[in-house]
Amino acid sequence: MNGNDILRAMNELDERFIVSANSEQSVTLSRKPAKNIFRITVGIAAAAALVIPVGAYAYSQLTHREKVSIYYTEDGVQKLEKNGLASGRTVENGQIRLTVDTELCDGNFTQGVYTLTALTEDAKEHLETAMSKLVYADTGEEISPVGGGFEGWNGEARSDYELTSTFTYPIKNAYIDSNRPLRLEFYEFVETGETDDYGGRVVVDDLTYYDGISFDLLTVPNVPCKTLCSADGTEMILSPYGVSEQDESWAYPQDGHEEEAFIHSFIIISTDGERTDIEDTVKDTENATREYSGTPGTGRFSYRFGTILDIENISGVEIDGVEYTEE
């Protein structure tokens, strides 16, 4: 298997929620030190069983199961495995191995978990300095800005020779030609020792440790989805792992600064009318990694549940008092 089987990009993570970058640097920021970057403790309750058609992947168990559970909970991991969503695709170059542990697509965004493994003693020092960029797989042309892509890792998912990260990327918007294959390529920045005309340090892409390390992003939905709609006509896609909104004509404001909303409340509405706070959707012994990017109603928004839910029993959601329900 060659290096065209794997993908990744990166953004800074807020400790409460993830804010996507609003510039061409959105996927070329340095990786943060290993610490609990964005884990959010949530409340208590049992999650219902998920029914997802078995996918095409041959792997029944997640390769880095314990680390994936940090991002989807143990209950969620069981559902990923049960429903054929353990990917297990790998590529390596003798120094670094990349494993796509799981990849989920709702037609707007693709999210999942991947693991970088150092295969040599010196390579382990280059796990945290790995960068990534979204490109078109057919030409290698970089896509910038990405418009809502981010990555991040929890300190508990880092060991001497491995780093397991979560990622979310849009697969369609004003900046992306959704008819072309998308790829995430890995590399490092290296300083040349020179300065530019503005006194800044000059850096170049370095593939010493990441040559051929990449993967093609899933762009076709592989989980069941529902379309939700608000009173003003805004549509959201509900999937077992979250909700998302993506208007293909959406673009960054002309001043380059997009205001990110702070979500104060998120309610799950069941088919029988029961209303449950999102923080009460995981088992009593677990935490959930929740994160979101963008603002509801603007044309770009994604919200990660941090676990896997049964959407057959969900008729809608309420975000800060605004309901999005099945028509």
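For region 116-133, the set of residues classified as of a type in the set (Val, Ile, Thr) and outside any loop (DSSP other than H, G, I, E, B) consists of Thr117 only. Quick one: Thr227 ticks every box in (1) at pLDDT 95 or above; (2) crowded, with 18+ Cβ neighbours inside 10 Å bar one, so which box is it? If we test Thr227 against (1) at pLDDT 95 or above; (2) crowded, with 18+ Cβ neighbours inside 10 Å, just (2) comes out false. Of everything in region 67-100 that is over 19 Å from Leu309 (Cα atoms) and of a type in the set (D, E, K, R), the residue that is farthest from the chain's Cα centre (by Cα) is Glu92.
So which of Glu12, Glu66 ends up being buried (at least 17 other Cβ atoms within 10 Å of the Cβ), among the charged types (D, E, K, R) and either modelled with pLDDT of 95 or more or farther than 20 Å from Ser214 by Cα (or both)? Steps first, answer last, please.
On the way: Glu66 fails: buried (at least 17 other Cβ atoms within 10 Å of the Cβ).
Just a single option satisfies the conditions, and that option is Glu12.
Scanning region 157-211 for residues that are in contact with a strand residue (DSSP E or B) (Cβ under 6 Å, 6 or more places away or on another chain) and of a type in the set (Phe, Trp, Tyr) yields Tyr161, Phe167, Tyr169, Phe186, Tyr187, Phe189, Tyr209, Tyr210. When region 119-165 is limited to residues that are surrounded by fewer than 19 Cβ atoms within 10 Å (Cβ to Cβ) and of a type in the set (S, T, N, Q), the one that is farthest from Asp247 (Cα to Cα) turns out to be Thr120. Within region 102-117, can one find any residue that is over 24 Å from Tyr175 (Cα atoms), touching a residue at least 40 places away in the same chain (Cβ under 8 Å) and in contact with a Gly (Cβ under 7 Å, 6 or more places away or on another chain)? Yes, that holds for at least one residue.
If only one of Tyr210, Tyr161, Tyr198, Tyr187 is touching a helix residue (DSSP H, G or I) at 6+ places or on another chain (Cβ under 6 Å) and either modelled with pLDDT under 90 or within 24 Å of Asp101 (Cβ to Cβ) (or both), which one is it?
Numbers: Tyr210 fails: touching a helix residue (DSSP H, G or I) at 6+ places or on another chain (Cβ under 6 Å); Tyr198 fails: touching a helix residue (DSSP H, G or I) at 6+ places or on another chain (Cβ under 6 Å); Tyr187 fails: touching a helix residue (DSSP H, G or I) at 6+ places or on another chain (Cβ under 6 Å).
One residue alone meets the criteria, Tyr161.
Taken over region 258-279, the residue count meeting the criterion of being under 22 Å from the mean Cα position of the chain (by Cα) and either surrounded by 15 or more Cβ atoms within 10 Å (Cβ to Cβ) or modelled with pLDDT under 90 (or both) is 10. Ser159 falls short on exactly one of the conditions (1) within 30 Å of Ala288 (Cα to Cα); (2) without any contact (Cβ under 8 Å) to a residue 12 or more places away in the chain; (3) in contact with a Lys or Arg (Cβ under 6 Å, 6 or more places away or on another chain), and that condition is (3). Residues in region 276-316 that are of a type in the set (D, E, K, R) and part of a strand (DSSP E or B): 4 in all.
Kindly list, by first and then second residue, each pair from a residue in region 88-101 that is free of Cβ contacts under 8 Å to residues at least 60 places away in the same chain and basic (Lys, Arg) to a residue that is crowded, with 18+ Cβ neighbours inside 10 Å and not in a strand (DSSP E or B), limited to pairs with Cβ atoms under 9 Å and residues at least 6 apart or on different chains. Listed by first residue and then by second, the contacts come to Arg97/Ile213. Within region 101-149, being under 13 Å from the mean Cα position of the chain (by Cα) and of a type in the set (Asp, Glu) holds for Asp101, Glu103, Asp106. Taking Asn313 as the residue in question, decide whether it is of a type outside the set (Val, Ile, Thr), at pLDDT below 90 and over 17 Å from the mean Cα position of the chain (by Cα). Spelling it out, it is not the case that Asn313 is of a type outside the set (Val, Ile, Thr), at pLDDT below 90 and over 17 Å from the mean Cα position of the chain (by Cα). Listed by first and then second residue, the pairs linking a residue in region 261-290 that is in contact (Cβ under 8 Å) with a residue 60 or more places away in the chain to a residue that is of a type in the set (Lys, Arg) and not in a strand (DSSP E or B), with Cβ atoms under 7 Å apart and 6 or more places separating them unless they lie on different chains, are Asn287/Arg39; Thr289/Arg39.
Output the number of residues of region 141-156 satisfying the condition of being touching a residue at least 40 places away in the same chain (Cβ under 8 Å) and out of contact with any helix residue (DSSP H, G or I) (no Cβ under 7 Å at 6 or more places or on another chain). Break it down into steps so the answer makes sense when it comes.
Here is the first cut: in region 141-156, the ones touching a residue at least 40 places away in the same chain (Cβ under 8 Å) are 144-156.
Add one more test, that the residue is out of contact with any helix residue (DSSP H, G or I) (no Cβ under 7 Å at 6 or more places or on another chain), and what stays is 144-153, 155.
Looking only at that region, the number is 11.
I'd like the full set of residues that are more than 30 Å from Phe301 (Cβ to Cβ) and in a loop (DSSP other than H, G, I, E, B), limited to region 94-115. Listed by number, the residues that qualify are Gly94, Gln95.
The values are calculated or read from the model by the stated rules, or taken from the named source; none is laboratory data. The model shown is predicted, which means the values in this text are computed figures rather than measured ones. Glycine also receives a Cβ, built like all others from the backbone with ideal geometry; neighbour counts cover every protein chain displayed.
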